[in-house]
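The values are calculated or read from the model by the stated rules, or taken from the named source; none is laboratory data. Note that the structure is predicted; figures quoted are calculated from it, not measured. Cβ atoms come from the backbone with ideal geometry, glycine included; neighbour counts cover every protein chain shown. Keep in mind that these areas ignore ligands, DNA and RNA; they rest on the heavy atoms of the full protein, side chains included. Shrake-Rupley method; radii C 1.70, N 1.55, O 1.52, S 1.80 Å.
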Amino acid sequence: QVQLVESGGGLVQAGESLRLSCAASGSIFRLNTMGWYRQAPGKQRELVATMPTLGNTNYADSVKGRFTISRDNAKNTVYLEMDRLKSEDTAVYYCYLRPIGDIAVWGQGTLVTVSS
């Protein structure tokens, strides 16, 4: 079993920064994709950023140039550095891990609230 635990959410003002962390535990297949989705009130869950063990990162257009995804494979942890936050970034952010050929595992989510 694999479990993901997110942390780092909170309340910030527009223009400020926040760093999210997601630590995976359990039996983890080395080749996988980790990343972040978010869901704002009344909206569908959307992809924010992904990063495979091998390969290139991928970002939603709305966060390119502001958010940076990174991962520490030795620690099975993925991070999301969010800079120059906007009110429209307000959402619950969910971490996920998807091993190659398997089903994704999701974290419980962490709330990010950006005030104007």
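Worth a mention:
- Looking only at residues in segment 1-46 that are in a loop (DSSP other than H, G, I, E, B) and under 16 Å from Val92 (Cβ atoms), the one that is most open to solvent (accessible area, probe 1.4 Å) is Gln44.
- Flag if Asn76 is within 14 Å of the chain's Cα centre (by Cα) and open to solvent by less than 60 Å² (accessible area, probe 1.4 Å): yes
- Exclusive hit being within 20 Å of Thr113 (Cα to Cα) and in contact with an Asp or Glu (Cβ under 9 Å, 6 or more places away or on another chain), set Ala23, Ala60, Ala49: Ala60
- Counting the residues of segment 32-53 that are under 16 Å from Ile100 (Cα atoms), of a type in the set (A, V, I, L, M) and touching a Leu at 6+ places or on another chain (Cβ under 7 Å) gives 1.
- Restricting segment 47-75 to residues that are small (Gly, Ala, Ser) and either touching a residue at least 60 places away in the same chain (Cβ under 8 Å) or in a loop (DSSP other than H, G, I, E, B) (or both), the residue that is nearest to Ser17 (Cα to Cα): Gly65
- Thr50 in contact with a Ser or Thr (Cβ under 7 Å, 6 or more places away or on another chain) and under 20 Å from Gln1 (Cβ atoms): no
- Filter result (open to solvent by less than 10 Å² (accessible area, probe 1.4 Å) and either under 17 Å from Gly15 (Cβ atoms) or of a type in the set (Ser, Thr, Tyr) (or both)) within segment 79-113: Met82, Leu85, Asp89, Tyr93, Val112
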